[in-house]
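Take a look at the structure set out below.
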Amino acid sequence: MQKPRIYIVIFLLAYTGFSSADEECLKRAFTQMEMNRCAGLSFEVADKELNRVFNEVKALYSDNPKFLQKLKTSQLAWIKLRDADLELYYPEQNKRVQYGSAYPMCASSRKTEITIQRIEFLKQWVKGLEEGDLCSGSIKNSWYLKKQNVTN
């Protein structure tokens with residue numbers, strides 16, 4: 001019954017380039033406790049990647065204090081939204097009783113999914129946009145970011 005959710009997590013791990021150790025953990029997990037642990041580890045990996053990308057954005061835009069403040073505000077608001085969305089999925093107070101022993105796995109999988117979406121969103125500022133995009137806002141041109149990376 002829990003295996004379909006595990007395959008979704010495996011797909012997400014493969015899509016984002018997470019380590020094969022995490023994937024192996026999920027493939028070998030047969031008890032609910034093992035699946036819960038693997039899903040928790042997968043979230044930890046996603047969270048570390050989010051922090052890496054966030055710090056990369058901060059470094060690339062370190063010359064723009066106004067942007068950095070807005071980035072921080074956005075990230076703090078996103079964390080609140082992530083947590084609120086998780087509560088929307090699982091609103092009951094006693095989650096283990098209401099949603100069963102799979103709750104930790106399901107909650108970690110959902111948080112991983114939401115975190116991967118945020119990583120992709122933040123990567124816009126790392127990849128940059130092509131010159132001529134009139135709606136790029138604070139996202140720098142990709143040629144400028146490449147030039148900046150060469151000099152760093």
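The values are calculated or read from the model by the stated rules, or taken from the named source; none is laboratory data. On a predicted model such as this, the values are computed, not experimentally measured, just so you know. Neighbour counts are summed over all protein chains in view; Cβ atoms, including those assigned to glycine, are modelled from backbone coordinates with ideal geometry.
Pairs needed: first member in segment 47-65, within 12 Å of residue 118 (Cα to Cα); second member anywhere, modelled with pLDDT under 95 and loosely packed, with under 13 Cβ neighbours inside 10 Å; C-beta distance under 9 Å; at least 6 residues apart or different chains.
So the pair list comes out as 49/17.
Cβ contacts < 8 Å: first residue closer than 14 Å to residue 58 by Cβ, restricted to segment 120-139; second residue acidic (Asp, Glu), any location; separation 6+ or different chain. Result?
126/56
Which count do you get for residues in segment 72-108 that are in contact (Cβ under 8 Å) with a residue 24 or more places away in the chain and either more than 24 Å from residue 41 (Cβ to Cβ) or more than 22 Å from the chain's Cα centre (by Cα) (or both)?
Total satisfying the criteria: 1.
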